[in-house]
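Okay, structure first, notes after.
The values are calculated or read from the model by the stated rules, or taken from the named source; none is laboratory data. Since the model is a prediction, treat every value here as computed from it, not as a measurement. With ideal geometry, Cβ positions are generated from the backbone for all residues, glycine too; neighbour counts draw on all protein chains shown. In case anyone asks, the SASA skips ligands and DNA or RNA and just uses the protein heavy atoms, side chains included. Shrake-Rupley method; radii C 1.70, N 1.55, O 1.52, S 1.80 Å.
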Amino acid sequence: MVIVATSPTPPAAPRPAELDAVLERITYANEDTGYTVARVATAKSGGDLLTVVGALLGAQVGESLRLVGRWRSHPKYGKQFEVDSYTTVLPATIQGIRRYLGSGMIKGIGPVMADRMVGHFGTDILRIIEEEPARLVEVQGLGPKRTKRIGDAWEEQKAIKEVMVFLQGVGVSTSLAVRIYKRYGDESIDTVRKRPYQLASDVWGIGFKTADTIAQAVGIPHDSPERIKAGLQYTLSEGADDGHCFLPEPNLVTAAEKILGVPRELIVPALDELARDEGVVREPIPGEGEDAATIPAVYLVPFHRAERSLARGLLELLDAPADRLKAFADVDWGKALPWLKQRTGQALAPEQEDAVKLALTSKVAVLTGGPGCGKSFTVRSVVELAAAKKAKIVLVAPTGRAAKRLAELTGHEAATVHRLLQLQPGGDPKFDQDNPLDADLVVVDESSMVDLILANKLVKAIPRGAHLLLVGDVDQLPSVGAGEVLADLLGAEAIPRVRLTKIFRQAQRSGIVVNAHRVNSGDHPHTSGFDDFFLFPCEEQDEAAETTVDVIANRIPRKFGLDPRRDVQVLAPMHRGTAGAGSLNSLLQEALTPHDDARPERRYGGRVFRVGDKVTQLRNNYDKGEAGVFNGTVGVVTSVSLEEQSLTVVTDEDESIDYAFDELDELAHAYAITIHRSQGSEYPAVVIPLTTGAWMMLRRNLLYTGITRAKRLVVLVGSRRALAAAVRTAGAGRRHTALTHRLSQR
């Protein structure tokens with residue numbers, strides 16, 4: 001007898017099942033992974049809600065869904081349906097139709113009107129909208145104008161859903177499908193099939209990786225020259241996102257090799273072709289130091305143009321023969337400074353006197369220094385003296401908050417750079433070299449956060465002969481956008497500058513000022529002994545997150561009387577993680593703006609927006625508001641209309657901005673933001689969670705920037721080990737820029 005051993009047959013995977021359900025509630029959604037936990041109602045559930053989990057981002061409450069997946073038994077939560085994919089279907093029951101129409105899916109229909117429409121037409125209402133929309137006037141409150149609007153919105157939804165069916169088949173999310181349809185309309189499917197890499201440049205929110213996934217799904221070869229060229233441009237774009245104006249060619253090729261998964265023998269010829277077609281610019285840049293090798297720099301075209309233009313513009317300003325403040329060329333400072341003291345009630349320190357004289361006699365000047373060193377009073381003094389000579393003064397800052405602070409400091413009107421230049425749709429400014437500003441003196445505050453592109457636009461608009469004073473703290477984080485303009489100017493011998501170093505006596509009593517300077521010097525901050533600087537030790541990330549919420553929602557309001565939404569800002573080292581900005585936003589929203597059945601709200605992806613929410617804009621949109629709304633703008637949601645499919649945000653600049661529901665990917669919650677996004681802003685109180693989960697981001701200039709954003713109070717929450725790591729770890733090093741080099745070529 002022969003016994004043959006055989007391996008046990010592995011159990012067959014459960015066969016996919018289908019579940020038709022109405023989405024009633026989303027209890028959790030992770031916008032990074034797409035994983036969603038939701039509650040649904042089915043025809044057989046008898047009023048009890050079932051739990052479904054999986055990739056449901058994009059589905060809206062009230063929609064009828066056909067879910068494909070499998071039933072699972074979770075050891076803690078019991079029976080669940082695990083979703084692999086889903087499609088939207090039209091509801092069939094009265095309750096489902098009423099919920100669908102009232103959910104805000106169709107513009108012009110809210111919950112009240114949905115009740116009337118279903119009450120009048122019953123289950124036939126969807127057929128009426130589809131085939132006989134003119135009959136909608138039979139419903140009380142619906143006239144011809146509104147009826148047409150509903151019919152048009154229904155047709156648009158149908159067209160978008162057709163595109164979505166195709167796009168979901170090639171891995172595109174619902175929200176991106178809507179955006180693709182808005183950009184290309186009936187050409188959407190053709191564009192996706194034939195020119196998928198075009199999406200990365202045409203559609204906001206689609207980068208190379210998404211376009212590459214689509215390209216593979218529609219059969220574009222892995223080693224296609226078009227794919228490699230798109231990958232090179234993406235690699236340079238990623239470098240720009242990290243702040244670099246260019247990448248050295250060896251770095252670019254190595255990084256592209258990893259991203260594309262193709263040999264460098266294919267990458268170099270594609271780079272040659274890109275350069276010939278002017279898709280990139282190659283230029284040798286001298287290295288620093290006498291013996292340094294030349295750097296073979298590769299630029300995306302806009303950054304190369306902007307860097308050359310900015311250097312040329314600054315040198316033209318500096319060397320202009322005309323002088324619009326010529327009265328200060330021979331002023332008697334022995335009389336002017338005592339007059340200024342009488343005017344302001346305070347004498348200037350010697351360093352400040354030097355800075356005032358420089359700003360009023362040199363056509364380009366830089367003023368830098370840390371907190372408590374008198375930058376603000378120096379700026380006020382410059383403005384006072386210029387105003388005494390009837391000079392036309394223009395005050396600008398990168399953010400609305402910084403502009404407000406500058407106006408309060410000087411008593412003169414101040415604006416953001418974007419508003420000053422009146423950027424038009426597409427980003428072109430109203431004011432430029434052909435239509436310059438009417439200004440004798442331009443003061444730019446918080447200039448450490450002005451990036452290369454914006455600095456170039458501003459300098460172009462300044463008339464030759466006017467004076468430009470750039471004020472900022474070079475030890476803070478550099479701009480979010482590409483470039484390191486303030487540091488580059490301080491590195492250029494051609495640009496006059498003054499650095500304030502003396503901390504004034506009254507500032508030495510502030511824990512914020514003292515500890516900012518200690519951190520900047522690499523010394524551990526004093527976490528006791530001050531009434532404006534505290535540390536709440538927490539070793540675990542979960543504990544740090546809970547304590548952060550408690551500090552903001554309860555402790556600070558109780559002890560200091562500050563409003564937790566208006567006056568307190570969480571500044572996190574990074575977005576991800578238990579104590580990161582993303583997670584803290586969810587926790588703080590539930591603590592400060594919880595769900596209320598009586599108030600409408602709108603979910604978009606992993607976020608839900610409610611009246612009272614603190615939000616921030618994620619990209620420049622030149623088509624919104626009076627002069628555009630810009631990346632980093634903060635505001636509060638003041639209304640949500642399901643009927644109009646829109647919500648309204650009042651910004652820090654007191655402008656009311658409307659967002660259609662399909663534009664909500666431009667908004668994120670701002671109860672907690674990253675320290676990078678806080679640049680140029682100032683808050684009464686700042687809470688900074690510091691945990692070892694953010695280890696890679698813990699840097700001295702990051703912590704220094706966070707501390708210096710506070711006016712009255714800093715609270716650190718987290719581990720002493722993480723704090724020590726942030727203090728001892730220097731910044732990430734200089735960015736790849738060539739502005740200093742270009743400014744030396746006079």
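The HN-Hα couplings worked out from phi for the stretch 247-252 by the Karplus form 6.51 cos²θ - 1.76 cosθ + 1.60 (θ = phi - 60°) are 10, x, 3, x, 5, 4 Hz, whole numbers, x standing for Gly and Pro. In a fully extended conformation the segment linking Lys194 and Ile259 would gain 21.2 nm over its present Cα-Cα distance, using 0.36 nm per residue.
Are there any trypsin sites (Lys or Arg not before Pro) in the stretch 69-120 that are in a DSSP loop and have at most 13 other Cβ atoms within 10 Å? List them by number.
Those satisfying the criteria are Lys76.
Residues in the stretch 531-548 carry Karplus couplings, in order, of 9, 10, 8, 9, 10, 9, x, 8, 7, 8, 5, 4, 5, 4, 5, 4, 5, 4 Hz; the curve used is 6.51 cos²θ - 1.76 cosθ + 1.60 with θ = phi - 60°, and Gly or Pro positions show x. In the stretch 320-502, Cα pairs under 8 Å separated by at least six residues give a relative contact order of 30 percent.
Where in the stretch 310-415 are there trypsin sites (Lys or Arg not before Pro) that are in a DSSP coil and have at most 12 other Cβ atoms within 10 angstrom of their Cβ?
Numbers: sites: Arg312, Arg324, Lys326, Lys335, Lys341, Arg343, Lys357, Lys363, Lys375, Arg380, Lys389, Lys390, Lys392, Arg401, Lys404, Arg405; in loops: Arg324, Lys363, Lys389, Lys390, Lys392.
The qualifying sites are Lys390.
Taking amide H as placed 1.01 Å from N in the peptide plane, the amide H of Val687 sits under 5 Å from that of Gln569, Val570, Leu571, Val715, each at least 5 places away or on another chain.
Stretched out straight at 0.36 nm per residue, the stretch from Tyr35 to Ala293 would grow longer than its current Cα-Cα span by 88.0 nm.
For the chain, the residue among Phe661, Ala43, Gly205 whose Cα projects farthest onto the positive side of the dipole built from Cβ charges is Phe661.
Legend: calculated FRET efficiency, Ser639 to Glu238, from the Cβ-Cβ distance at R0 = 45 Å, rounded to 0.05, equals 0.75. For Thr638, the residues whose modelled amide H falls within less than 5 Å of its own, excluding neighbours fewer than 5 places apart on the same chain, are Gly612, Thr648, Val649, Val650.
Could you grab the relative contact order for the stretch 17-88? Cα pairs under 8 Å, six or more apart, rounded to a whole percent. Kindly include the intermediate steps, with their values, before the conclusion.
Details: 164 pairs, mean separation 23.0, N = 72.
Worked out over the stretch 17-88, it gives 32 percent.
For the stretch 572-588, backbone nitrogen atoms closer than 16 Å to the point 7 Å from Trp695 Cα along Cα-to-C-beta are found at 574, 577-579.
Within the set (i) 57; (ii) 30; (iii) 26, the number that percent of Cα pairs over 48 Å apart takes when calculated for this structure is listed as (iii). Separation of the stretch 242-265 and the stretch 414-466, taken as the distance between their Cα centroids, equals 33 angstrom. Restricting the stretch 563-664 to trypsin sites (Lys or Arg not before Pro) that sit in a DSSP loop and have at most 11 other Cβ atoms within 10 Å of their own Cβ leaves Arg566.
Could you rank His222, His244, His467 by how accessible they are, 1.4 Å probe, largest area first? Could you put the intermediate results ahead of the total?
Numbers: His222 90, His244 40, His467 0 Å².
Correct descending sequence by accessible area is His222, His244, His467.
Across the stretch 132-147, computed HN-Hα scalar couplings (Karplus, 6.51 cos²θ - 1.76 cosθ + 1.60, θ = phi - 60°) run 9, x, 4, 6, 4, 5, 5, 7, 4, x, 9, x, x, 5, 6, 4 Hz from first to last residue, x flagging Gly and Pro. With both partners inside the chain, how many of the DSSP beta bridges are antiparallel, as a percent to the nearest 5? Around 60 percent antiparallel, to the nearest 5. Helix 174-184 and the long axis of the chain differ in direction by around 70°, with both axes built from C-alpha atoms.
Quick check: with the 1.4 Å probe, what order do Lys229, Lys559 take by accessible area, largest first? Each step should come with its number before you reach the end.
Values: Lys229 25, Lys559 145 Å².
My answer, sorted largest first, is Lys559, Lys229.
Remark on Gly605: its backbone amide H falls under 5 Å from those of Gly58, a criterion applied only to residues 5 or more positions apart or on other chains, H modelled at 1.01 Å from N.
Under a Cβ-only charge scheme (Lys and Arg +1, Asp and Glu -1), can you give me the dipole magnitude of the stretch 17-88 about the Cα centre, in debye to the nearest 20?
On the way: 8 positive and 9 negative charges, 63 e Å.
Here the size comes out at about 300 debye.
Label-to-label distance, Asp658 versus Asp319, with points set 7 angstrom from Cα along the beta-carbon direction: 5.2 nm.
Mean separation of Cα pairs under 8 Å and 6 or more residues apart, divided by the residue count, gives the stretch 613-686 a relative contact order of 29 percent. Along the axis of the charge dipole computed for the chain (Cβ charges of +1 for Lys and Arg, -1 for Asp and Glu, origin at the Cα centre), the listed residues Gln342, Thr651, Pro133 are led at the positive end by Gln342. In this simple spin-label model, placing a label point 7 Å from the Cα along the Cα-to-Cβ direction at both Arg728 and Arg505 gives a separation of 3.8 nm. A run of the chain free of exposed loop cleavage sites, with GluC sites (Glu not before Pro) counted only in DSSP states other than H, G, I, E and B and at most 13 other beta carbons within 10 Å, reaches its longest extent at 1-277. Against the main long axis of the alpha-carbon atoms of the chain, helix 208-217 sits at an angle near 30°. Computing FRET efficiency as 1/(1 + (r/R0)^6) for Arg15 and Arg66, where r is the C-beta to C-beta distance and R0 is 25 Å, gives about 0.95. Placing dummy labels 7 Å off each Cα toward the beta-carbon, the span from Asp550 to Ser521 is 3.5 nm. Averaging Cα coordinates gives a centre for the stretch 719-746 and one for the stretch 511-527; these two points are 18 Å apart. Between Trp339 and Gln140, residue separation times 0.36 nm minus the direct Cα-Cα distance comes to 64.3 nm.
Any idea what the dipole of the chain comes to, in debye rounded to 20, about its Cα centre with Lys/Arg Cβ at +1 and Asp/Glu Cβ at -1?
Values: 90 positive and 95 negative charges, 292 e Å.
The calculation lands at about 1400 debye.
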